[in-house]
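For reference, the structure discussed in these notes is given below.
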Amino acid sequence: MGELLDSKLIREMPNGTVIVHNGPMLMSIVVSKDRKLNKTLAIQGAKKALEVLETLARFRRIITQKIGEVVLVDDLPPLVKRMVLAARSFDDPTITPLIAVAGAGADEVADFVFNTEEPSKVIINNGGDIAIRLREPEVVQIGIKTDLTNKAVTHILSVSAKDGIGGVATSGFGGRSLTRGIANAAVAVAEDACLADVAATLIGNVTNIQSPNVTKALAKQLYESTDIPDLWVTTSVGHLERWEIEEALGRGIQNALAFEEKGLIIGAFLAVKDQYGISKSILQCVGLVSDLVSA
């Protein structure tokens, strides 16, 4: 087991990863330079993460407002402003800045550590939404699941410093957050984790079909403090016909392509049941785990 630090909320693990766990936040931090881990900077990042959580708590009223109701953005702290601007850029009046919370938190910590100019690699995993900061010639491999209810990683996304990828986020049915769709996994790849977080949620949301084997409930019936109380969210997904799977997958892919065309994301990976699609823009970066193992 790792050693508990003074804060009682930060744990240094034997493999060099630093874990922050406080309430809803479960974040892992890896910092290195030339393949040598820098635990001191990782711990500083963990302390920054706790500050992020405090800021989110102070501004909860604002970040849970419908995006069109948020005003005086320039007066907000950088973290909250980042969430608001990211949410606004997707032109969806039903969402709140909270849609970007995990990605924004990961970005805030990643930038804080990376801007010390010491590390060549910073990886912040905030509950599955990942901020990536790399300098040449660093490369990182990110695991992708085609089913969020299963721990197995099926694909690997390989990212180098020259790719311009700063964030990877995953949403879908069976994940930590509520979803309006039926995708097993909706993965967005973007310049930062904040944009990826919003995109993944919205791509997952549009994979919605009318089927007797898909059940829904109002979000407020599942979670009293939700920021989307009057929206219908998925509670179960049963057997689907092939055409239903293809319809849901097609909707998600179309939405992802629209986000790509607007420059909001770099690419996406989407899975519905046993079918999946990958953006051409990131196809060369994605490989099957089985292929990598057998190579």
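Scanning segment 231-241 turns up no residue that is out of contact with any helix residue (DSSP H, G or I) (no Cβ under 7 Å at 6 or more places or on another chain), closer than 30 Å to Val109 by Cα and in contact (Cβ under 8 Å) with a residue 24 or more places away in the chain.
Within segment 267-282, residues that are part of a loop (DSSP other than H, G, I, E, B) and surrounded by fewer than 21 Cβ atoms within 10 Å (Cβ to Cβ) have Cβ atoms under 7 Å from residues that are of a type outside the set (Ser, Thr, Tyr) and at pLDDT 90 or above in these pairs: Lys273/Asn184; Lys273/Leu240; Lys273/Ile245, counting only partners at least 6 apart in sequence or on another chain. Scoring Thr96 on the criteria (1) among the hydroxyl-bearing types (Ser, Thr, Tyr); (2) touching a residue at least 60 places away in the same chain (Cβ under 8 Å); (3) touching a Leu at 6+ places or on another chain (Cβ under 8 Å) leaves a single failure, condition (3).
Residues of segment 211-233 that are in contact with a Leu (Cβ under 8 Å, 6 or more places away or on another chain), of a type outside the set (A, V, I, L, M) and under 22 Å from Lys66 (Cα atoms): Tyr223, Thr226, Asp227, Pro229, Asp230, Trp232.
Taken as a whole, the structure leaves Ala169 outside the set of residues that are in contact (Cβ under 8 Å) with a residue 60 or more places away in the chain, in contact with a Leu (Cβ under 7 Å, 6 or more places away or on another chain) and buried (at least 16 other Cβ atoms within 10 Å of the Cβ).
Of the residues Gly68, Gly45, which single one is in contact (Cβ under 8 Å) with a residue 24 or more places away in the chain and closer than 19 Å to Asn125 by Cβ?
Numbers: Gly68 fails: closer than 19 Å to Asn125 by Cβ.
Unique residue meeting the criteria: Gly45.
Could you grab me the full set of residues in segment 134-154 that are under 17 Å from Gly174 (Cβ atoms) and not polar (S, T, N, Q)? Within segment 134-154, Gly143, Ile144, Lys145, Asp147, Leu148, Lys151, Ala152, Val153 meet the criteria. Among the numbered conditions (1) buried (at least 24 other Cβ atoms within 10 Å of the Cβ); (2) under 14 Å from Phe269 (Cβ atoms), the only one that Ile182 does not meet is (2).
Assess whether Ile253 counts as being buried (at least 18 other Cβ atoms within 10 Å of the Cβ), touching a residue at least 40 places away in the same chain (Cβ under 8 Å) and on the phi < 0 side of the Ramachandran plot. No; evaluated as a whole, the condition is false for this residue.
In a residue-by-residue description of segment 259-266, the property of being closer than 30 Å to Leu134 by Cα, small (Gly, Ala, Ser), in contact with a strand residue (DSSP E or B) (Cβ under 9 Å, 6 or more places away or on another chain) and modelled with pLDDT of 95 or more applies to no position. Counting only helices (runs of 4 or more DSSP H) wholly contained in segment 40-146, the ones carrying 2 or more residues that are small (Gly, Ala, Ser) and in contact with a Lys or Arg (Cβ under 8 Å, 6 or more places away or on another chain) occupy 101-114.
So, in segment 147-168, of the ones that are of a type in the set (A, V, I, L, M), within 17 Å of the chain's Cα centre (by Cα) and part of a loop (DSSP other than H, G, I, E, B), which residue ends up nearest to Asp192 (Cα to Cα)? Give the steps one after another, and end with the answer.
So the first thing to find is which residues in segment 147-168 are of a type in the set (A, V, I, L, M), and the list is 148, 152-153, 156-157, 159, 161, 165, 168.
This time we only want the ones that are within 17 Å of the chain's Cα centre (by Cα), so: 148, 153, 156-157, 159, 165, 168.
From the residues that got through so far, the ones that are part of a loop (DSSP other than H, G, I, E, B) too are 148, 153, 165.
Values: Leu148: 22, Val153: 22, Ile165: 7 Å.
Across segment 147-168, the extreme among qualifying residues is Ile165.
Going through segment 204-220 one residue at a time, which ones are surrounded by 24 or more Cβ atoms within 10 Å (Cβ to Cβ) and touching a Ser or Thr at 6+ places or on another chain (Cβ under 7 Å)?
Residues of segment 204-220 surrounded by 24 or more Cβ atoms within 10 Å (Cβ to Cβ): 204-205, 207.
Matches in segment 204-220: Gly204, Asn205.
Starting from segment 1-25, take each residue that is farther than 16 Å from Lys48 by Cβ and modelled with pLDDT under 90 and list its partners that are outside any strand (DSSP E or B) and not charged (D, E, K, R), counting only C-beta distances under 6 angstrom and pairs at least six apart or across chains. As it stands, the answer is Gly2/Met13, since those pairs meet every condition given.
The values are calculated or read from the model by the stated rules, or taken from the named source; none is laboratory data. Since the structure is predicted, the reported quantities are computational estimates derived from the model, not experimental observations. Cβ coordinates were reconstructed from backbone atoms using ideal geometry, including for glycine residues, and neighbour counts include every protein chain displayed.
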